[in-house]
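What follows is one structure encoded as structure tokens, with my remarks underneath.
Please treat every number below as a calculation from the coordinates, not as lab data. None of the values given here were measured: they were computed from a predicted structure. A quick note on method: Cβ atoms are made from the backbone with ideal geometry, for glycine too, and the neighbour counts reach across all protein chains shown.
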Amino acid sequence: MRLVLKEIMLTLTSKHRRELKALAHDINPVVIIGRIGLSASVISELERGLSSHELIKIKIQIDNREIRKELFEEICQQLDAAPVQQIGKILVIYRSKLDATDKPPATPIPNKKNEPRRTKRSFQS
């Protein structure tokens, strides 16, 4: 569980939101919320999904549009996540791993474009 809960939800730029929507197109829902709504176990599963995947889909099986919208806002507030998209009963939320673990990203692997190309003859010597 997080030690400090932030009152302000994460915000995304429109460009970043568009990229996340494209990435979320192919993924399946991680958690399905039933008619009962949010519970401690649902929140813990959402937390686990965000910490391992950053971007997750949630399916809500409630017919009322206003209740779904309120659940979407509540989930994002409790998990300190950014709302990406809501289409019908499917919600997409995002939280970067850097926020969750407070570790700097790994250094990129250097590109080997500057090395000379090895030919067949160079292996024969």
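Quick notes on this structure:
- Spacing of the two label points (7 Å from each Cα toward its C-beta) at Ser122 and Ile90, in nm: 4.8 nm
- Taking θ as phi - 60° and the Karplus parameters 6.51, -1.76 and 1.60, the scalar couplings of region 67-77 work out to 5, 4, 5, 5, 4, 4, 5, 5, 4, 5, 5 Hz in sequence order, x denoting glycine and proline.
- Base-10 log of normalised Debye intensity for region 1-97 (one unit scatterer per alpha-carbon) at q = 0.15, 0.16, 0.17, 0.24 Å⁻¹: -0.54, -0.61, -0.70, -1.45
- Each of His25 and Glu74 was given a label point 7 Å from its Cα along the Cα-to-Cβ line. The distance between the two points is 3.3 nm.
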